[in-house]
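Written out below as structure tokens is the structure these notes cover.
The values are calculated or read from the model by the stated rules, or taken from the named source; none is laboratory data. Computed from a prediction, not measured in an experiment: that's the story for all the values here. Cβ sites come from the backbone with ideal geometry, for glycine too, and all protein chains shown count toward neighbours. These accessible areas exclude ligands, DNA and RNA; they are computed on the full protein's heavy atoms, side chains included. Shrake-Rupley method; radii C 1.70, N 1.55, O 1.52, S 1.80 Å.
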Amino acid sequence: MILGNDPILLTPGPLTTSLATKQAMLRDWGSWDAAFNRITGTVCRDLVEIVHGGDEYVCVPLQGSGTFAVEAAIGNLVPRAGKVLVPNNGAYCARIVRICRYLGRAVVDLPIAEDRPVTAAAVAAALAADPAITHVALVHCETGAGLLNDLDGVARVCRAQGKGLIVDAMSSFAALPIDVRQAPLEALVAASGKCLEGVPGMGFVIARREALLASEGNAHSLAMDLHDQYVYMQRTTQWRFTPPTHVVAALRAAIDQFLAEGGQPARGARYAANCAALLEGMRALGFRPLLTPEVQAPIIVTFHAPAHPAYAFRDFYDRVRARGYILYPGKLTQVETFRVGCIGAIDANEMRNVVAAIGATLRDMGIERAA
Ligand SMILES: *Cc1c(COP(=O)(O)O)cnc(C)c1O
């Protein structure tokens, strides 16, 4: 992979992108131009295919970061009188709870420990306790801790009980298997700048066509109206408002590389190898991961901070940064941690290099072992 000389981003987005993806942005596109709108069309078609959506699902792209698309999905697919269950085991689940409150949608916040997965049984019990719930909003990979929730199990419960399922698959889409034929859902949300290895700036909602068409009039906001965006795009092939043209062009290039690599299985395998190399190297330095292997997604790993008086995250971060790697602070409420991403246009060799940089940093700081 040809990357250039920028520091390597080991964060949950933006990510390190390939040179080919960056080069795809060296061109200006007109929003009315048929050549640009054909790119949007093929991007949307390919995104639906990644989750095996066939003709039943459609993709609605939306300007903005991933959260904009999550907010749009909730605001469109949950009717104003609806009620959303949010099984909550981390920061991104908590964000959905806040979104529901901003949008005036009734919400049930179901707390689950940050290091435990959302299970089908927990969702079934919450649904049984409150028949007024109409929708479940699940975060597939909770990037806060790096934990994988049971999408297939929760989808089965939702189908059996006739509840709509909305999935934040932001950090899992294109890397972990998602098959809407097995896990039927009303909508799934992801973005350009995560495991597709595009640049940030475009979210998208893959929705069951019927559910999207039935959502007319639900949206609280013109800019966030997915139904309007979809209908307009179907009619004109254009975006309603100024499209993020460079982002879309870069995403086209990123998807081409994704398909050439071998699609989701290959991308998932590369990230799994990255994650294994990271865990092995960090263990040797004395670092402990927060999660047990059964719930650790190969996307981002949370490590306990070294219990040493010389350790401070800011200093540690700056020193690792000077060696060419950008880490990420922890996002947990209880324990002091930091995170290292396994995603982006990087391979296991890069992960061994970052472990070496972290080891050298510890020595510089006078910390013999992280444990
Ligand atoms: C990255 C991410 C988002 C979106 O965050 P933005 O900062 O708006 O891009 C949402 N959910 C999850 C699980 C994520 O990892």
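Observations, loosely collected:
- Residue in region 274-290 that is outside the structural domain of Gly41 (by TED's automatic domain parsing), part of a loop (DSSP other than H, G, I, E, B), in contact (Cβ under 8 Å) with a residue 12 or more places away in the chain and at positive phi present: yes
- Of the criteria (1) open to solvent by 40 Å² or more (accessible area, probe 1.4 Å); (2) free of Cβ contacts under 8 Å to residues at least 40 places away in the same chain; (3) more than 16 Å from the ligand (Cβ to nearest atom), which one Ala35 fails: (1)
- Evaluating Ser215 against the criteria (1) surrounded by 21 or more Cβ atoms within 10 Å (Cβ to Cβ); (2) over 16 Å from the mean Cα position of the chain (by Cα); (3) under 27 Å from Thr17 (Cβ atoms) leaves one unmet condition, (3).
- Only one of the listed residues (Glu210, Glu216, Glu197) is assigned by TED's automatic domain parsing to the domain that holds Asp168, in contact with a Gly (Cβ under 7 Å, 6 or more places away or on another chain) and of a type in the set (Asp, Glu). That residue is Glu197.
- Within region 324-356, being open to solvent by less than 10 Å² (accessible area, probe 1.4 Å) and part of a helix (DSSP H, G or I) holds for Met351, Val354.
- Identity of the residue in region 177-199, in contact with a strand residue (DSSP E or B) (Cβ under 7 Å, 6 or more places away or on another chain) and of a type outside the set (Val, Ile, Thr), that ends up surrounded by the fewest Cβ atoms within 10 Å (Cβ to Cβ): Glu186
- Residue within region 325-333 that is of a type in the set (Lys, Arg) and more than 27 Å from Val354 (Cα to Cα) present: no
- When region 156-173 is filtered for residues that are touching a helix residue (DSSP H, G or I) at 6+ places or on another chain (Cβ under 6 Å) and among the aliphatic types (A, V, I, L, M), the ones remaining, listed by number, are Val157, Leu165, Ile166, Met170.
- Considering region 135-162, the residues that are surrounded by fewer than 20 Cβ atoms within 10 Å (Cβ to Cβ) and out of contact with any Asp or Glu (no Cβ under 9 Å at 6 or more places or on another chain) include one that is nearest to Leu332 (Cα to Cα), namely Gly153.
- Residue within region 259-282 that is hydroxyl-bearing (Ser, Thr, Tyr) and open to solvent by less than 20 Å² (accessible area, probe 1.4 Å) present: yes
- From the list Val60, Val43, the one residue that fits, being more than 16 Å from the ligand (Cβ to nearest atom), open to solvent by less than 40 Å² (accessible area, probe 1.4 Å) and part of a helix (DSSP H, G or I), is Val43.
- A Cβ distance below 8 Å, combined with a sequence gap of six or more or placement on separate chains, defines the contacts here; from region 160-183, residues that are polar (S, T, N, Q) reach residues that are within 16 Å of the ligand (Cβ to nearest atom) and open to solvent by 40 Å² or more (accessible area, probe 1.4 Å) in the pairs Ser172/Leu148.
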